[in-house]
Each structure stands twice: as structure tokens, then as C-alpha cells.
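Peer 1: First the structure, which I've put down as C-alpha cells, then a few questions once you've had a look.
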Amino acid sequence: GLGDVYKRQKENVHALDVVVLTHGDEDHLGEIADLDRALSIATIVATGTLCPGCRAATQAVATGDSLVCGTLSFSVLSAGDAAENDGSIVLFGTIGGDRWIFTGDAGTAVERAVDWPDADILKVGHHGSATSTSAELLSAASPSIAVVSVGRTNGYGHPDGEVLARLEASGAAILRTDLLGTIRFVYPPWGGRIVYSYSEDDSFGNAANRILRSGRVFLSIRRRDIMDSVIR
């Protein structure tokens, strides 16, 4: 909603090069009209017209396409009917020094059909639902970090216990937004990866975030090891 728009503007974000609408579920596109009105969006990427009233033009993509966003390039590993979870746009690309996989809400049938590349970071499918994150995907991609975007009070029981067990068995470090709040990955020009989290109802985390943004503290996750804070 507009609250999130204001937060982005507070962070000095007033324009977006690309907005990917993975599919038509409300929790994946519900804010696009507000974003389009408040920010300058160059391109909306989708498999169909999911915001007919938006000012931004829609770029349609299909399986096998490439998607360019500034200096970044992504491969579309799967894409289909926007009305179906399995029609989600699935992306693979390198950000900083990390190879990322974004799966939307695609389920295990899609996961078993895709030829997965090796990855460093997996955006866990369908918010940790039991319908996604198959053993086949984890074995093929072998991510070292798994990020679960899930509401703290969601009524679906996400993330699913068996999904978490599979992730733990794979050796991936699990980062959950319901436990950590907003999770940010930063890739500084000198190399490496900086990861930190921020929770609006966590006063300690808020203070740590302010220090982080001033450049004094770095919290870093390297492979499966969580490093201690380092004061510069």
C-alpha cells in the first residue's frame, strides 16, 4: 500500500527500473497501482497485462527469455499463465558475486521440470509453503543461503516444517523475514557481501540498522557461517 511507497521514498527511492510481477496473486501485485502512481517505473515485467491502468509499459516474458535490468541480466527459467502459481516467473541471475534464484510461487511440478543452475542464494518458493522447495531443487541448485519471505502472523502455517527440515538437511543458512524483519543484501564495490536485517518493532534492531547505514557496523553472512559484527 501507500505506506510502503512512503518508506521507499524515505529511503530516497523515487524510481524503479523494473518491477517483476511474478504472477497474478494479490500478495504479489497488490501494490503495483500505488507504486505506479507514486514512483517512476520504467518497465513492468509479467506474462500478461496485470496492471492495465498503469502508466508503465508491460514487457511480456516467456520461458527461455533474458531480462536486462541496468547492468544486471536474468534468465527466465520458467514462466506461464499468470493466473496459476505454477505460471510464476522464475528467474536466475548474478547479483554482486552471488548467483540468485527467484521462484515466485512455483510448485514442485515446475521445480522438477527446470534444469537448475548452481546457486548461492535461493528465494524460497511460495513463502515456505509445502507446495515448493523440493529435494530435487535443493540437490540441483545447492544454495548456501535460503531466504524465506513470510508474514509473521500468516494464517497458512508458513514456513512449512518439512520445508525447513529439507533446507536444514541441505546445509543452507535459513533467513526468515518473520523472525528477522526486513533482510537486506548489499554488495560493496570492494567485493564481498553484507547482509543485515531490520524489524520495525525491534528497538535494538532499529538502533543497529541506523549504525549500519552510517557505515560503522557490518553484519555478514558467508556461506553457512554467520560472522560477528565488526566495528570499523
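Peer 1: Give a residue-ordered list of calculated ³J(HN,Hα) values for the range 22-37 (Karplus: 6.51 cos²θ - 1.76 cosθ + 1.60, θ = phi - 60°; whole Hz; x for Gly, Pro).
Peer 2: Once rounded to whole Hz, the list reads 4, 6, x, 5, 4, 6, 10, 9, x, 9, 5, 5, 5, 4, 5, 6.
Peer 1: Note the per residue figure in Å³ for the convex hull of the C-alpha positions in the range 81-179.
Peer 2: Dividing the Cα hull volume of the range 81-179 by its residues yields 96 Å³.
Peer 1: Of all accessible surface on the range 71-168 at a 1.4 Å probe, what whole percent is carbon and sulfur?
Peer 2: Details: 1970 of 3980 Å².
Answer for the range 71-168: carbon and sulfur cover 49 percent of the accessible area.
Peer 1: Once the other residues with Cβ under 15 Å from the Cβ of Phe92 are scored (Lys, Arg +1; Asp, Glu -1), what is the net sum? Before the final figure, lay out the partial values.
Peer 2: Numbers: positive: Arg99, Lys123; negative: Asp65, Asp98, Glu111, Asp115, Asp118, Asp120.
Cβ neighbours under 15 Å give a net charge of -4.
Peer 1: To the nearest 20 Debye, how big is the dipole of the range 86-193 about its Cα centre, given +1 on the beta carbon of each Lys and Arg and -1 on that of each Asp and Glu? Please report the intermediate quantities before stating the final value.
Peer 2: Values: 8 positive and 12 negative charges, 79 e Å.
The dipole magnitude comes to about 380 debye.
Peer 1: Hey, what's the Cα Rg ratio for the range 7-123 versus the globular rule of thumb, 2.2 N^0.38 Å?
Peer 2: My calculation over the Cα atoms of the range 7-123 gives 1.06.
Peer 1: Something else: Once amide H atoms are placed 1.01 Å from N in the peptide plane, what residues at a sequence separation of 5 or more from Ile41, or on another chain, have their amide H within under 5 Å of its amide H?
Peer 2: Here the answer is Leu16, since their amide H atoms fall under 5 Å of that of Ile41.
The values are calculated or read from the model by the stated rules, or taken from the named source; none is laboratory data. Model, not experiment: these values are computed from the prediction. Please note: Cβ atoms are built from the backbone with ideal geometry, for glycine as well, and neighbour counts cover all protein chains shown. Heads up: the accessible areas ignore ligands, DNA and RNA and are worked out on the full protein's heavy atoms, side chains in. Shrake-Rupley method; radii C 1.70, N 1.55, O 1.52, S 1.80 Å.
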